[in-house]
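The values are calculated or read from the model by the stated rules, or taken from the named source; none is laboratory data. What you are looking at is a predicted structure, and each value in this text was computed from that prediction instead of being measured. So basically every Cβ, Gly included, is an ideal-geometry build from the backbone, and we count neighbours across all protein chains shown.
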Amino acid sequence: MKLGILGGTFDPVHVGHIFIAEEARIRLALDKVLFIPAGNPWLKVDHAVTPAAHRVEMVRLAIAKHAHFELCTVEVERSGPTYSVDTLEHLRTKCGDEVYFILGLDSFVDLPLWKNPERMVRLCTLVVVPRSSTNLPELGEVAERVDGLTRENVVTLDSPMIGISSSGIRDRIARGLPIDYLVPGEVDRYIIAHGLYRNR
């Protein structure tokens, strides 16, 4: 089985996440894409993060109608900081699948700062999603700092750009602006029902 992994804080999950997951599934012929909400993301220790229960439920609602998408809560169930390499180790041990790890270009550039990136690139193929047109000019620089990283284990997802961010959505809600068409309708209703992001 070819397994895609889309991890993130998902605070909140939005249509850009859904689009990216579906593009990766189609372009790479993936059998399934796992959405993995972060538990305690170590890179965001200085930022307020919505409780995991809300973020998990929003993802559940967002992907409920997608047969090839699945929610995985392994990171929110793990105590302490969550690291992608530990999640990859867990999934490879449990599933033994061919794994494609989907991440944004900004995260890819920061890969040398992640826990054990050398092990990560041995466990999966990285699928990089640029925010603008790019040929990954940073690959050489990143490869110099991550042993084993080559063009053979990095794929660029050449797809239309989606200029939506979770931080932008939170800002719109805090300013009393609508978020129609930025998040799935079920997620919009959940945010309203629970009063999320109003005081940020």
Practice prompt. Would you check which residues across segment 99-123 are among the charged types (D, E, K, R) and closer than 14 Å to Asn153 by Cβ and list them?
Written response: Glu118, Arg119, Arg122
Discussion item. Taking the conditions exactly as written (farther than 23 Å from Val33 by Cα and free of Cβ contacts under 8 Å to residues at least 40 places away in the same chain), does Arg119 satisfy them or not?
Written reply: no
Worksheet item: Condition test on Asp86, is it surrounded by 14 or more Cβ atoms within 10 Å (Cβ to Cβ) and either hydroxyl-bearing (Ser, Thr, Tyr) or at pLDDT 90 or above (or both)?
Response: yes
Discussion item. When you scan segment 57-67, do you find a residue that is in a strand (DSSP E or B), surrounded by fewer than 17 Cβ atoms within 10 Å (Cβ to Cβ), in contact (Cβ under 8 Å) with a residue 40 or more places away in the chain and of a type outside the set (Lys, Arg), even just one?
Written reply: no
Worksheet item: Hey, does segment 1-22 have a residue that's at pLDDT below 95, of a type in the set (D, E, K, R) and touching a strand residue (DSSP E or B) at 6+ places or on another chain (Cβ under 7 Å)?
Response: yes
Item to complete: Considering only segment 1-22, state which residues are part of a helix (DSSP H, G or I), out of contact with any Leu (no Cβ under 9 Å at 6 or more places or on another chain) and in contact (Cβ under 8 Å) with a residue 60 or more places away in the chain.
Response: Ile18, Phe19
Discussion item. Restricting to segment 99-135, name every residue that is exposed (fewer than 14 other Cβ atoms within 10 Å of the Cβ) and under 18 Å from the mean Cα position of the chain (by Cα).
Written reply: Asp106, Leu113, Lys115, Arg131, Ser132
